[in-house]
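The values are calculated or read from the model by the stated rules, or taken from the named source; none is laboratory data. Keep in mind that this is a model prediction, so the values were computed, not measured. As a convention, Cβ positions derive from the backbone with ideal geometry for all residues, glycine included, and neighbour counts pool all protein chains shown. Ligands, DNA and RNA are stripped out before the accessible areas are found, and what is left, the full protein with its side chains, is counted by its heavy atoms. Shrake-Rupley method; radii C 1.70, N 1.55, O 1.52, S 1.80 Å.
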Amino acid sequence: MNNVIVIGAGTMGSGIAQVFSQNKIKTIITDTNTENLNQAKAKILNGFEFLAKKGKITEEEKVKF
(Lines give C-alpha, C1' and ligand atoms only; values in the text may rest on other atoms or scores of the structure.)
Protein backbone atom coordinates (compact mmCIF):
# COMPACT_ATOMS: atom_id res chain seq x y z
CA MET A 1 0.00 0.00 0.00
CA ASN A 2 1.55 3.30 -1.10
CA ASN A 3 -1.31 5.80 -0.90
CA VAL A 4 -4.42 6.20 1.24
CA ILE A 5 -7.39 8.55 1.07
CA VAL A 6 -9.31 9.09 4.32
CA ILE A 7 -12.84 10.35 3.78
CA GLY A 8 -14.03 12.39 6.73
CA ALA A 9 -11.87 14.64 8.88
CA GLY A 10 -13.57 14.04 12.22
CA THR A 11 -11.91 12.54 15.27
CA MET A 12 -11.59 9.07 13.75
CA GLY A 13 -10.57 10.32 10.31
CA SER A 14 -7.80 12.54 11.62
CA GLY A 15 -6.51 9.73 13.85
CA ILE A 16 -6.53 7.24 11.00
CA ALA A 17 -4.75 9.73 8.74
CA GLN A 18 -2.08 10.33 11.38
CA VAL A 19 -1.39 6.61 11.84
CA PHE A 20 -0.97 6.07 8.10
CA SER A 21 1.28 9.14 7.86
CA GLN A 22 3.40 7.93 10.77
CA ASN A 23 4.00 4.76 8.81
CA LYS A 24 5.27 6.74 5.82
CA ILE A 25 2.20 6.10 3.67
CA LYS A 26 1.18 9.07 1.53
CA THR A 27 -2.15 10.12 3.02
CA ILE A 28 -4.86 12.44 1.72
CA ILE A 29 -7.69 13.45 4.04
CA THR A 30 -10.88 14.95 2.67
CA ASP A 31 -14.12 16.35 4.03
CA THR A 32 -16.98 18.47 2.72
CA ASN A 33 -16.43 20.95 5.56
CA THR A 34 -13.31 23.13 5.42
CA GLU A 35 -13.43 23.79 9.16
CA ASN A 36 -13.27 20.05 9.84
CA LEU A 37 -10.17 19.84 7.62
CA ASN A 38 -8.53 22.73 9.45
CA GLN A 39 -9.25 21.13 12.82
CA ALA A 40 -7.95 17.76 11.60
CA LYS A 41 -4.75 19.37 10.35
CA ALA A 42 -4.18 21.05 13.73
CA LYS A 43 -4.94 17.79 15.58
CA ILE A 44 -2.52 15.79 13.41
CA LEU A 45 0.25 18.38 13.74
CA ASN A 46 -0.22 18.45 17.52
CA GLY A 47 -0.08 14.66 17.56
CA PHE A 48 3.23 14.63 15.71
CA GLU A 49 4.59 17.36 17.96
CA PHE A 50 3.62 15.31 21.02
CA LEU A 51 5.31 12.19 19.63
CA ALA A 52 8.48 14.16 18.84
CA LYS A 53 8.62 15.61 22.37
CA LYS A 54 8.22 12.10 23.84
CA GLY A 55 11.08 10.86 21.64
CA LYS A 56 8.84 8.42 19.74
CA ILE A 57 9.68 10.09 16.40
CA THR A 58 12.46 12.43 15.32
CA GLU A 59 11.99 16.02 14.26
CA GLU A 60 12.71 14.90 10.68
CA GLU A 61 9.88 12.36 10.82
CA LYS A 62 7.25 14.96 11.63
CA VAL A 63 4.81 15.35 8.75
CA LYS A 64 4.81 18.58 6.78
CA PHE A 65 1.42 19.80 5.61
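Taken together, the criteria exclude residue 24 from residues that are part of a helix (DSSP H, G or I) and basic (Lys, Arg). Please work out if residue 35 is assigned to a helix (DSSP H, G or I), at pLDDT 95 or above and among the acidic types (Asp, Glu). So residue 35 passes the test.
Applying the criterion of being in a helix (DSSP H, G or I) and not small (Gly, Ala, Ser) to the residues of segment 45-59, the residue that is least open to solvent (accessible area, probe 1.4 Å) is 48. Do we find that residue 58 is closer than 18 Å to residue 4 by Cα and of a type in the set (S, T, N, Q) in this structure? In short, no.
Scanning segment 19-46 for residues that are under 19 Å from residue 4 (Cα atoms) and either in contact with a helix residue (DSSP H, G or I) (Cβ under 7 Å, 6 or more places away or on another chain) or small (Gly, Ala, Ser) (or both) yields 21, 27, 29, 31, 40, 43, 44. Within segment 12-44, being open to solvent by 70 Å² or more (accessible area, probe 1.4 Å) and in contact (Cβ under 8 Å) with a residue 12 or more places away in the chain holds for 22, 26, 28, 39, 41, 43.
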